[in-house]
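Take a look at the structure set out below.
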Amino acid sequence: MNSLSEANTRFAYDLFQQFRKSKKENIFYSPLSITSALAMTYLGSQKRTASEIQKVLHFNEVTEDTKGGAKTAQVEKLDNVHQQFQKLLTELSRPMDAYTLSVANRLYGAKKFPFLQEYMDNVKKFYLASVESVDFANAADESRKMINSWVESQTNGKIKDLFPKGTINSTTILVLVNAIYFKGLWEDKFDPKLTQQQEFWLNKDTSKSVQMMSQSRMFNFASLEDVQAKALEIPYKGRDLSMLLLLPNELDGLAQLEDKLTPEKLIEWTSSQNMNMMNVSLLLPRFTVEESYDLGATLVDLGMVDAFRAQDADFSGMTGSRGLMLSKVLHKSFVEVTEEGTEAAASTGVSIILTSAPIYETFHCNHPFLFFIKHNKTSSILFFGRVSSP
C-alpha cells in the first residue's frame, strides 16, 4: 500500500468499528478531518509517541517506497506523508463553482509553551493551518468561546459549541481543532413532487414514516453478492464528488454487512471502476444526522496511548521540550440530505449506448444503510455515515 487515501480509508474503517460499539443508531463523521488534525500532532511528535500515532493513522504503510518496496530513510518517509497531505488539502481547497468544500485546521496551545518557528512554518506549509497561542491558564472559558466561534464560522454555522462548558480549563495545554464543511447539489436533483411519505424499516418488526425521495435513471451500480448487498453512486454537480450508498439486501442485514466490512472491501466498493451504469429505481429518505465524538478514549483503544499521558507524551518537535500532551480531541459532524443535494460539515463522463431494453434495478433505501461522501480524483472518503433511523 502506498497512497495516503488508502491509509485514510483504513483509519476510517478502524474508527467505524469503534463507533459501532457505542450502540448509537446513526453514525456520521469525517475521517479526513480527524486524520488531518491528528497528522498535525504527528508532525510535532517524537520517538514512541510518533510511532504510535503513525501506526494508528496507518502512515507506516503509506511510506513504503514504490520502487521494489524497499523502505526509504525515516526522514524521507515522514516527509512523504506530510507532502501527500499538502497535495491532498491543496486539491480539496481549490475553489469550485459546483460545490463548496472547506477543510480548516488549527492548533491552540497554552501561552507558556511557545511553539518552535520551524513547527509553525511546517504546519502552515503542509496542513494549510495556523497555530494560535491562547491563555488557557487565566482565561479558559474565553479561549473556549473563541475556539467555538472559529469552528462555527468555518462550518457555515452548522457546528456550534464544539467544546461544551467545562471541557477546556486552566490545566488545558494543547487543543487541536478540525473543521470540514461541504455543500453540494446533485448532478440530477430529485423532483420534490415525487417525494412521498413512506415506511422506513428500523428492523423487521418496526417501521417509521419518512419523507422518501425518488428518481429513476442511469446510475453507477454494483451488486455485491459476497455480502448480500448493493452499491450505488450518486454524483454531485461537477462530478468531483459523489455519495456512495451501501444497502443490504435484507431489511435487517446491516449488522451482517458491517461485520463483513474490511478496509480492503471498503477500498474496492468505493471505487467507481468496480461499478456499471444501470437503469435504477432509487428511493432515498431525506435525512439529517448530527453527531459528537470525544475521541480520546477511542484513540487510546486504537493504540495512541502516550499522546494522552503527561509522563510519556513527547511533542518536543512542537516546542523543543517535553511537557506537552493532548487533553481533548473532540469531533462534531452534521449532514443534511435533501432533493437539492447535501450539506455536510464536520468536515468521469461515461457515454452509454443502449443497444437493447435496459434491465431495471431497484435500490430502495427503506431500511438501514451506510453512506460515504468521497472526492473522486483523490479517492478520499470525506464523510462516512450510517443511517439506521432517518
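The values are calculated or read from the model by the stated rules, or taken from the named source; none is laboratory data. Every value quoted in this text rests on a predicted model; they were computed, and no experiment measured them. Please note: Cβ atoms are built from the backbone with ideal geometry, for glycine as well, and neighbour counts cover all protein chains shown.
Within region 360-373, the set of residues being in contact with an Asp or Glu (Cβ under 9 Å, 6 or more places away or on another chain) and buried (at least 19 other Cβ atoms within 10 Å of the Cβ) comprises His367, Pro368, Leu370.
Applying the selection to region 176-221, what residues are surrounded by 14 or more Cβ atoms within 10 Å (Cβ to Cβ), more than 18 Å from Arg239 (Cα to Cα) and either of a type in the set (D, E, K, R) or at pLDDT below 90 (or both)? Hits for region 176-221 are Leu176, Val177, Asn178, Ala179, Ile180.
Taking the criterion of being at pLDDT 85 or above and not in a strand (DSSP E or B), the residues of region 347-389 that qualify are Cys365, Asn366, His367, Pro368, Asn376, Lys377, Thr378, Ser379, Ser388, Ser389.
Being in a helix (DSSP H, G or I), under 28 Å from the mean Cα position of the chain (by Cα) and small (Gly, Ala, Ser) holds for only one residue in Ser102, Ser133, Ser143, and it is Ser143.
Restricting to region 286-317, count the residues that are within 24 Å of Thr342 (Cα to Cα) and part of a loop (DSSP other than H, G, I, E, B). So the answer is 1.
State yes or no: is Asp306 buried (at least 18 other Cβ atoms within 10 Å of the Cβ), over 30 Å from Ser93 (Cα atoms) and either modelled with pLDDT of 85 or more or not assigned by TED's automatic domain parsing to the domain that holds Gln196 (or both)? When the stated conditions are applied, Asp306 passes them. Looking across Leu283, Leu247, one residue alone is out of contact with any helix residue (DSSP H, G or I) (no Cβ under 8 Å at 6 or more places or on another chain) and either farther than 26 Å from Lys332 by Cα or part of a helix (DSSP H, G or I) (or both). It is Leu283. In region 34-63, the residues that are closer than 16 Å to Val305 by Cα and surrounded by fewer than 21 Cβ atoms within 10 Å (Cβ to Cβ) reach residues that are modelled with pLDDT under 90 and among the aromatic types (Phe, Trp, Tyr) with C-beta atoms within less than 8 angstrom, at least six apart or across chains, in these pairs: Gln46/Phe315. Scanning region 198-251 for residues that are aromatic (Phe, Trp, Tyr) and closer than 25 Å to Thr378 by Cβ yields Phe219, Phe221, Tyr236.
Okay, residues lined up against (1) of a type outside the set (D, E, K, R); (2) under 24 Å from Leu101 (Cβ atoms):
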residue: Gln197; (1), (2): yes, no
residue: Lys208; (1), (2): no, no
residue: Met212; (1), (2): yes, no
residue: Ser216; (1), (2): yes, no
residue: Ala255; (1), (2): yes, no
residue: Ile267; (1), (2): yes, yes
residue: Ser281; (1), (2): yes, no
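Annotation: Ile173 fulfils all but one of (1) farther than 25 Å from Pro31 by Cβ; (2) modelled with pLDDT of 90 or more; the unmet one is (2).
Of all residues in region 262-294, those satisfying the criterion of being at pLDDT below 90, of a type outside the set (S, T, N, Q) and closer than 29 Å to Ile159 by Cβ are Pro263, Leu266, Ile267, Trp269, Arg286, Phe287, Val289, Glu290, Glu291, Tyr293, Asp294. Condition check for Val134 on (1) touching a Leu at 6+ places or on another chain (Cβ under 7 Å); (2) surrounded by 15 or more Cβ atoms within 10 Å (Cβ to Cβ): one failure, at (1). All conditions but one from (1) buried (at least 21 other Cβ atoms within 10 Å of the Cβ); (2) charged (D, E, K, R); (3) closer than 29 Å to Lys208 by Cβ apply to Asp259; the one that does not is (1). Scan region 181-194 and tell me whether some residue there is within 28 Å of the chain's Cα centre (by Cα), outside any strand (DSSP E or B) and farther than 23 Å from Ala98 by Cβ. Checking region 181-194: not a single residue is within 28 Å of the chain's Cα centre (by Cα), outside any strand (DSSP E or B) and farther than 23 Å from Ala98 by Cβ. Checking the conditions here, which among Ile159, Ile234 is in a strand (DSSP E or B) and touching a strand residue (DSSP E or B) at 6+ places or on another chain (Cβ under 6 Å)? Among Ile159, Ile234, only Ile234 is in a strand (DSSP E or B) and touching a strand residue (DSSP E or B) at 6+ places or on another chain (Cβ under 6 Å).
Residues in region 64-88 that are surrounded by fewer than 21 Cβ atoms within 10 Å (Cβ to Cβ) and either modelled with pLDDT of 90 or more or assigned to a helix (DSSP H, G or I) (or both): Gln74, Val75, Glu76, Lys77, Leu78, Asp79, Asn80, His82, Gln83, Gln86, Lys87. Within region 246-255, is even one residue at negative phi and modelled with pLDDT under 90? No, because not a single residue in region 246-255 is at negative phi and modelled with pLDDT under 90.
Right, Ala344: in a strand (DSSP E or B) and at pLDDT below 90 or not? It is true that Ala344 is in a strand (DSSP E or B) and at pLDDT below 90.
With respect to being within 24 Å of Gly341 (Cβ to Cβ) and of a type in the set (A, V, I, L, M, F, W, C), Ala179 fits the description. Scanning region 112-129 for residues that are surrounded by 13 or more Cβ atoms within 10 Å (Cβ to Cβ) and under 21 Å from Met325 (Cβ atoms) yields Phe113, Pro114, Phe115, Leu116, Tyr119, Met120, Asn122, Val123, Tyr127, Ala129.
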